[in-house]
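The values are calculated or read from the model by the stated rules, or taken from the named source; none is laboratory data. Note that the structure is a prediction, hence the values are computed from the model and not measured. Please note: Cβ atoms are built from the backbone with ideal geometry, for glycine as well, and neighbour counts cover all protein chains shown.
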Amino acid sequence: MFTPKNKAEEPVISSGKTSMIGPGMTIQGEVHSQSDIRIDGKMIGNVHCTAKVVIGVDGEVEGNVFALQVDITGKVTGNLHVKEQVTLRNNAIINGDILTAKLSMEPTVSFNGKCSMPGAATSQVVELLTDKNAATPERQPKIAAVAAE
């Protein structure tokens with residue numbers, strides 16, 4: 001809005017700060033972030049993050065999560081597409097599928113879904129899915145082709 005339209009987008013480098021959806025707060029819609037996100041409230045919609053997503057004990061996500069890393073103590077109703085590692089902590093509740101390279105789960109976790117750990121294809125799929133433009137119809141065949149590899 002305040003920059004010339006022809007200016008090339010420069011990559012945003014994480015400042016080391018964390019964006020937060022706090023307790024008692026509900027967000028509805030899509031969230032896109034290039035820095036860490038902590039969710040202690042309720043998120044209704046998809047989360048796209050090129051860094052780490054932490055869902056606290058009172059945090060809840062109703063939607064898909066696309067991220068580099070995810071650490072969950074709260075509840076997710078939706079699929080997790082994570083490039084590096086999913087960590088499911090004490091009493092976390094997951095109702096959905098997980099696609100990741102690594103999974104760590106404590107014994108008290110409730111996980112209702114399936115987990116796929118396809119190796120190299122995971123990082124390609126997650127890179128496509130974390131891209132803001134990945135949801136466009138013309139990009140969907142490419143995502144499906146990479147996932148099928």
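Only one entry in Thr3, Thr87, Thr73 is at pLDDT below 95, of a type in the set (Val, Ile, Thr) and surrounded by fewer than 22 Cβ atoms within 10 Å (Cβ to Cβ), namely Thr3.
No other residue among Lys83, Lys52, Lys42 is of a type in the set (Lys, Arg), in contact with a Gly (Cβ under 8 Å, 6 or more places away or on another chain) and in contact (Cβ under 8 Å) with a residue 12 or more places away in the chain apart from Lys42.
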